[in-house]
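Down below is the structure, laid out as structure tokens.
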């Protein structure tokens, strides 16, 4: 588990988020106080109606990169917060990058759900083996930035940053085998609550 909280920081954030959301951030174990501070800043006092916390780890070459995605629903906004590791090298220390989008519900175009079921060839066995939650919204594009490098392995110059611009959307895959049955149930519950909120908002 990664800890980033001093006693003073923890006291500052106590009560700022619902206890169940804070507990899920702590359980995910990836800089929970940083994630909480980023969410608190974006919430601006709004009441949390539902949330989903999704930790993930990927390999980039021989380096392990950790990620944390948190979705929070309020009565007017969908807040999407993402934390991940910035790759460290000899010139740059290890860093964590927090990015948060605060999207009005009126701008959410689509909420999709892909469900995968195990079968014995004839019948479905149990509940969902995995789900993918997709969300897209209009009027924005996402820019993914990373440090730029040249082909010279001996070069130590700062080449700035490079990036790609893509339409703003989000896809979260949750697997019962990797993440547990409860994680799948939580994703389905968040999908249902978000879908209901969009229906109410549009109505």
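Stretching residue 177 away from residue 49 to a fully extended chain increases their span by 43.3 nm, per 0.36 nm per residue minus the current alpha-carbon distance.
Length available on full extension from residue 104 to residue 86: 0.36 nm per residue minus the Cα-Cα distance, which gives 3.6 nm. By the count of neighbouring beta-carbon atoms within 10 Å, fewest first, 30, 149 end up ordered 149, 30.
At full extension, residue 95 and residue 148 could sit 17.4 nm farther apart than now, given 0.36 nm per residue minus the alpha carbon distance.
Here r is the Cβ-Cβ distance between residue 193 and residue 125 and R0 is 22 Å; the resulting FRET efficiency, rounded to 0.05, is 0.20.
Where a number appears in this text, it was derived from the coordinates with a stated rule and is not lab data. Fair warning: this is a prediction, and the values are worked out from it, not measured in the lab. Every residue, glycine as well, gets a Cβ built from its backbone with ideal geometry; the counts of neighbours run over all protein chains shown.
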